[in-house]
Amino acid sequence: MDTVSIVRAVARHVCGTAPRECVFSSRVRIARNIRATPFPHRGDEGALRGPLAVAIAAMEGLNKAGGGFELVDLARLPTLEKEALVECHLISRDLLLAERVSALVVSKKSGASILVNEEDHFRIQVLSGGLRLKRALALAKRIERELDQHTTFAKHDGLGFLTACPTNVGTGLRASVMLQLPALFFARRLETCLQRRVGRALAVRGIYGEGSGPLACLLQISNQTTAGMDEAEALAQVTKAAQDISRDEQRARASIQERFAWDVEDLVYRAAATLTAARSINSGEAMDRLSQVRLGIDLGLLDGVDRRIVDQLMIFIRPASLQVLVGEPMAPRERDMRRAKLIREHLQGLIEVP
């Protein structure tokens, strides 16, 4: 499977949520390791070929049921294409730099993937648009059962599943949602909202996970606890926080429409004008402007614009993804010009500013 197809498949599965939904996407990730086998960062090439063989066998089993999975050999993938996979949240930046036997088993049909020999032998992951954690977990567990038929997972009777990082021991589950919260940012209520809604069992991170900051008003909420808590409880905590924050965002939208109508309209229409007219735009500004247009669509200020197009652009315009889609590496200035052209092509004739 080529990287262009993967980027487009991720956009298809992540985008297309219901109107006015604040949850941009959901992700479930399950970490598993093979019993009596060194973790990837300690294993030699021979040891690391074991998990790869298991993943290939599981892929064949999943495909008998119509899973549509294909294998991507990360060692043979150009750096730029691996960077695009990082931007799509399919591999980590650590694996981008690692030189070891590794692979990605990915399905264009379902948004599911298995990352082989990253921090753990297997990272099962399912991406979905909107707040759909239960659906994502059900698919991830089906993949886990297929892997389990071809190996024995490392597990301790008292601790649960064993992982390379102690913070993942137990269920090995990370459930996360990406929320887009432009009204809370605009009204400067985000910090108060998070203090009230996010407990100690949850973590708040930027769009690219730990250490990253907010971009385009996007924030990630995930569970921190994997030991002493079952999967259903972890999902329930993340879901409740997402729903509570979404309600706060909707109230903030109603408030800013009432109190700052002129300012909001100015923000939205300036963003729309920039995106439909700019001849050069960097990724940070483009993401922010698209977020503002997305808010305008949700508030009814911009008619006739399919929000899925805006959401997909948020994926397509990221630096590596853009270059992969265009089919050639580009210098920053050329990239900014090509990004502006791509946005204009997608939004041409759709946005009308009063």
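What follows is calculated from the coordinates using simple rules that are stated; it is not laboratory data. Remember, it's a predicted structure, so these values are computed and weren't measured experimentally. No Cβ is skipped: glycine too gets one built from the backbone with ideal geometry, and neighbour counts run over all protein chains shown.
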Gain in length, A232 to R259, computed as 0.36 nm per residue apart minus the alpha-carbon separation, to one decimal in nm?
5.7 nm
Computed, not fitted: 222 nm per-residue ellipticity of the chain from DSSP H runs ≥ 4 (each -39500 (n - 2.57)), nearest 500, equal to -15500 deg cm²/dmol
Which value, in debye to the nearest 20, describes the size of the charge dipole of segment 260-347 about its Cα centre when Lys and Arg Cβ atoms bear +1, Asp and Glu Cβ atoms bear -1, and nothing else is charged?
380
Expressed as an acute angle from 0 to 90° and rounded to the nearest 10, what is the orientation of the C-alpha long axis of helix 283-298 relative to the principal long axis of the chain?
70
With x for Gly and Pro, the residue-by-residue ³J(HN,Hα) of segment 88-98, computed from phi through the Karplus equation 6.51 cos²θ - 1.76 cosθ + 1.60 at θ = phi - 60° and given in whole Hz, is 8, 6, 9, 9, 8, 5, 4, 6, 4, 9, 6
re the chain: pairs of Cα atoms spaced beyond 26 Å account for a percent value of 51
Looking at segment 247-324, which GluC sites (Glu not before Pro) are DSSP coil and have at most 11 other C-beta atoms within 10 Å of their C-beta?
none
Can you pull out the trypsin sites (Lys or Arg not before Pro) in segment 189-273 whose DSSP state is coil and whose Cβ has at most 11 other Cβ atoms within 10 Å?
R200
For H346, placing the label point 7 angstrom along Cα-to-beta-carbon and taking segment 263-286, residues whose amide nitrogen sits under 12 Å are 286
Tilt of helix 3-14 relative to the longest C-alpha principal axis of the chain, in degrees (0 to 90, nearest 10)?
70
Proximal aspartates and glutamates to K141, defined as alpha-carbon separation beneath 16 angstrom and excluding residues fewer than eight positions away on the same chain:
D230, E231, E233
Rounded to the nearest 10 degrees, the helix 332-347 long axis (Cα) sits at an angle to the longest Cα principal axis of the chain of 70
Residues T79 and H156, FRET efficiency given R0 of 41 Å [Cβ-Cβ distance, rounded to 0.05]:
0.65
Any trypsin sites (Lys or Arg not before Pro) in segment 1-87 that lie in a DSSP loop and have at most 16 other Cβ atoms within 10 Å would be R20, R35, R42
Using a basic spin-label model with each label point 7 Å from the Cα along Cα→Cβ, how many nm lie between L96 and E21?
2.8
Computed lengthening from Q195 to R308, 0.36 nm per intervening residue step minus Cα-Cα distance
37.6 nm
Apply the Karplus curve 6.51 cos²θ - 1.76 cosθ + 1.60, θ = phi - 60°, to the phi angles in segment 230-246 and return the couplings in whole Hz, x for Gly and Pro.
7, 4, 4, 5, 4, 4, 5, 5, 5, 4, 4, 4, 4, 5, 5, 5, 4
Do you know the relative contact order of segment 260-347, to the nearest whole percent, from alpha carbon pairs under 8 angstrom that are 6+ apart?
39
Which one, L295, L48, A154, projects farthest toward the positive side of the charge dipole computed for the chain from Cβ point charges (K/R +1, D/E -1)?
L295
